[in-house]
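> Questions regarding the structure given below will be posed in turn.
The values are calculated or read from the model by the stated rules, or taken from the named source; none is laboratory data. It should be emphasised that the depicted structure is a prediction, and the values quoted were computed from it without experimental measurement. Cβ atoms come from the backbone with ideal geometry, glycine included; neighbour counts cover every protein chain shown. The accessibility values were calculated without ligands, DNA or RNA, using every heavy atom of the protein model including side chains. Shrake-Rupley method; radii C 1.70, N 1.55, O 1.52, S 1.80 Å.
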Amino acid sequence: MLNIVLFGPPGAGKGTQAARIIEKYGLVHLSTGDILRGELAAQSKLGLEAKKYMDKGELVPDSVVIGMIGSKLDQNPAANGFIFDGFPRTTAQAMALDELLGKKKTPITGMLALEVEKEELVNRLLGRGKVSGRADDQDISVIENRISVYNRDTAPLIDYYSAQGKFRAIQGMGTIEAIFERLCLAIDALH
Ligand code: ADP
């Protein structure tokens, strides 16, 4: 099993790179952002509740996203491994993930953190907002809030995974292909 946490601030390129990684390594992609947007498109109660947080660039409550990830893990018992994208985002989420995976005896193999300068993040998100129509990518104050929330609540996970010897920094500036190659080198060195 290969279980990877793909980590980084909003706009770091996690979704883009996750799509390539799952193809090469045969992993199941679990993106909490994608799952939440799916719930919203389906107008589910969970989706409509989550929208209140997402539109402001705040985090959806831990219990909601942890529950979602727990059921996705149960729905994929035959997976070769998972790539977690946009999850965990808080220490409580990381601890819950360790517990869920501990029960399945398949721990996190490594955490790959894409490092991108703030100015580039803002440019990428505004660019994506023009094509994706995502409300949270079209408003500069929401983008700034997401980056602040990342720095305050999510960046501490670097210490969490470093303490387990699982943190790997990846330079996230450059072409999609060059960044993918760096990620593959890091993944191949994990197992
Ligand atoms: P990005 O990484 O570009 O901000 P995502 O698609 O990962 O985009 O997340 C979009 C929004 O969904 C977040 O701003 C947040 O409101 C919500 N969200 C996604 N994942 C989580 C999570 N693990 N915990 C809490 N909220 C989440």
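> Determine, yes or no, whether V149 is within 15 Å of G11 (Cα to Cα), within 16 Å of the ligand (Cβ to nearest atom), touching a residue at least 40 places away in the same chain (Cβ under 8 Å) and assigned to a helix (DSSP H, G or I).
In short, yes.
> Working only within segment 170-191, note down all residues that are small (G, A, S), more than 14 Å from I4 (Cβ to Cβ) and either touching a Cys at 6+ places or on another chain (Cβ under 8 Å) or surrounded by fewer than 17 Cβ atoms within 10 Å (Cβ to Cβ) (or both).
Correct list: G174, A178.
> Could you please give the count of residues in segment 18-33 that are among the hydroxyl-bearing types (S, T, Y) and either part of a loop (DSSP other than H, G, I, E, B) or away from the ligand (no atom under 11 Å from the Cβ) (or both)?
Number satisfying all stated conditions: 1.
> Among the numbered conditions (1) closer than 22 Å to R37 by Cβ; (2) open to solvent by 10 Å² or more (accessible area, probe 1.4 Å), tell me where R152 comes up short.
Here R152 meets the rest and fails (1).
> Another question about this same structure. Tell me whether segment 4-17 contains one or more residues that are more than 9 Å from the ligand (Cβ to nearest atom), closer than 26 Å to H191 by Cβ and open to solvent by 40 Å² or more (accessible area, probe 1.4 Å).
yes
> Out of all the residues in segment 41-77, which are under 21 Å from A19 (Cβ atoms), over 18 Å from the mean Cα position of the chain (by Cα) and hydrophobic (A, V, I, L, M, F, W, C)?
Listed by number, the list holds a single entry, A41.
> Could you count how many residues in segment 116-135 are charged (D, E, K, R) and open to solvent by less than 80 Å² (accessible area, probe 1.4 Å)?
Adding up the residues that qualify gives 3.
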